[in-house]
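Each remark here refers to the structure printed beneath this line.
The values are calculated or read from the model by the stated rules, or taken from the named source; none is laboratory data. Note that the structure is predicted; figures quoted are calculated from it, not measured. Cβ: placed from backbone, ideal geometry, glycine included. Neighbour counts: every protein chain shown.
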Amino acid sequence: MRFFTVLVHRAPMVAFYASLALSLSGGRLSARPAEDQAGMPRVDVAEINGMVGPVSGQFVEECLKNAESSGSSLLIIQLDTPGGLLSTTRDIVKLLLGSKLPVAVYVAPPGSRAGSAGVFITMAANIAAMAPGTNIGAAHPVSVGMGGSDSASVMGDKIINDAAAFIKTIANQRNRNWAWADSAVRYSVSITDKEALERNVIDLVAETVESLIDSLDGRIIALSPSDSVKLKLEGANIVTHKYNWRYKLLDRLSDPNIAFVLFMLGLIGLYFELSNPGLILPGVVGGISLILAFYAFQTLPINYAGILLIVFAIVLFIAEIKVPSFGLLTVGGIISMVLGSIMLFKGEFSPTMPEVGVSWEVLIPTLVATVLFFLFVVGKAIQIQRKKATTGTQGLVGEMGQTMTGLTPYGKVFVHGEIWRAFAPGRKLKPKTQVRVTGVSGLTLTVEPVEESQDKSG
């Protein structure tokens, strides 16, 4: 299962790395700004809206590579995020700190924020800018302090200290206010665009991308201690990059609500296929849904106890069909599925992601529909098992017939439009006597008179 999860997680990058390898084989990418074919400088703008995760990390890397290969003078990352995964944040920070192309992070449009992971990314850029009416900060690890044990406290301190050291290193390398950066991590401090400019957290405030480019024209940017470049951006041609359909699809899959629904659909599909081999469609749909769900789980804080509880619930529903538990297994399955669904996501991203989970508007209807589905299937299966057989020799038991010859005790009877050899143990029956079938042995029916069977029932 891990193999398929990793395969789905890495597959979107295969085509990108292949095309990158082909471009590198044709010549070394230029690391210096250049003018485009029309003789005008080029500025690339990459828009990121939402949580920082593997999808946005791949997007930034691809935009940076494309900007370098196309001879762009500057890459602007227009950012609006509440936070993101620490692993992706570190990857993006490494790209920005090691880039040979000047990179500006612009928190925009008005009303946007650079929260949590966004603080690290903004401070790692060569130029940090914000639009009026935006804010930055609140980078405290939200997973800290979730437990009262000493081990949890020690682990929380380690996470805080590591995140604080990471952001202070970034701030020192970019000559920004490391003391404020430290307080943003330790005390979840958040400030406005004007306060950020006054405290040397950012370099400037700009209303639009165009005004930001105008403000940066002629500015000297230090790419490294020994390398700097002067930006020439007058009349720049702006090329905007947004998520294409592939990035949008992968980003939507990372939504915990969609991941939860896909997981439940996958389990239902596999249940149908395993209980009715050969249907094909439920197995295909279930397999695809589970693979997509596991891709999403790569970017979400999954509690594996929640997954096990949901799977265990389905096992209990199946066992209800085989074991007469008078509904106890079904009740246990419902409880297990509800608890597993609530526990599926840990509730926070460690250590730079805000709280996240399945919304109640999605959780409750999905749970109700899934439970009702399994109750319906289990109920029908039990009903079928308890139903009297209507085909084969066992379907003859209880049927009415008439003797064709006398039974002494063997003879012939007419049942179900057919003539059968019959046996009436310990009795002698006359022809045309109404009888009831009580058993079947090979091609011989065991019968008794209808009057006698009625007396027994009475």
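Here is how the numbers come out for the structure above:
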| quantity | calculated |
| --- | --- |
| Flag if Ser211 is out of contact with any helix residue (DSSP H, G or I) (no Cβ under 9 Å at 6 or more places or on another chain), assigned to a helix (DSSP H, G or I), small (Gly, Ala, Ser) and in the same structural domain as Leu96 (by TED's automatic domain parsing) | yes |
| The listed residue being closer than 30 Å to Ile302 by Cα and either buried (at least 20 other Cβ atoms within 10 Å of the Cβ) or free of Cβ contacts under 8 Å to residues at least 12 places away in the same chain (or both), out of Arg176, Arg252, Arg186, Arg246 | Arg252 |
| Filter result (part of a strand (DSSP E or B) and either in contact with a Pro (Cβ under 7 Å, 6 or more places away or on another chain) or surrounded by fewer than 24 Cβ atoms within 10 Å (Cβ to Cβ) (or both)) within region 103-127 | Arg113, Gly115, Ile127 |
| Test: residue in region 258-280 that is over 25 Å from Asn66 (Cα atoms), surrounded by fewer than 17 Cβ atoms within 10 Å (Cβ to Cβ) and among the polar types (S, T, N, Q) | yes |
| Region 225-241 residues that are over 27 Å from Asn49 (Cα atoms), paired with ones that are not in a loop (DSSP other than H, G, I, E, B) (beta carbon under 7 Å, 6 or more apart) | Ser228/Ile220; Ser228/Ile221; Ser228/Ala222; Val229/Ile221; Val229/Leu223; Lys230/Ile220; Lys232/Pro41 |
| Conditions (1) free of Cβ contacts under 8 Å to residues at least 40 places away in the same chain; (2) acidic (Asp, Glu); (3) assigned by TED's automatic domain parsing to the domain that holds Ala138: number failed by Glu273 | (3) |
| Those residues of region 196-208 which are surrounded by fewer than 16 Cβ atoms within 10 Å (Cβ to Cβ) and part of a helix (DSSP H, G or I), in sequence order | Glu198 |
| From Gly27, Gly71, residue being at pLDDT 50 or above and assigned to a loop (DSSP other than H, G, I, E, B) | Gly71 |
| Test: residue in region 232-241 that is polar (S, T, N, Q), touching a helix residue (DSSP H, G or I) at 6+ places or on another chain (Cβ under 9 Å) and part of a helix (DSSP H, G or I) | no |
| Looking only at region 307-331, and only at residues there that are in contact with a Leu (Cβ under 7 Å, 6 or more places away or on another chain) and under 16 Å from Phe376 (Cβ atoms), the one that is surrounded by the most Cβ atoms within 10 Å (Cβ to Cβ) | Glu320 |
| Strands (runs of 3 or more DSSP E) (entirely within region 401-458) containing at least 2 residues that are in contact with a helix residue (DSSP H, G or I) (Cβ under 6 Å, 6 or more places away or on another chain), at pLDDT 85 or above and of a type in the set (Gly, Ala, Ser) | none |
| Conditions (1) surrounded by 17 or more Cβ atoms within 10 Å (Cβ to Cβ); (2) out of contact with any Phe, Trp or Tyr (no Cβ under 7 Å at 6 or more places or on another chain): number failed by Leu212 | (2) |
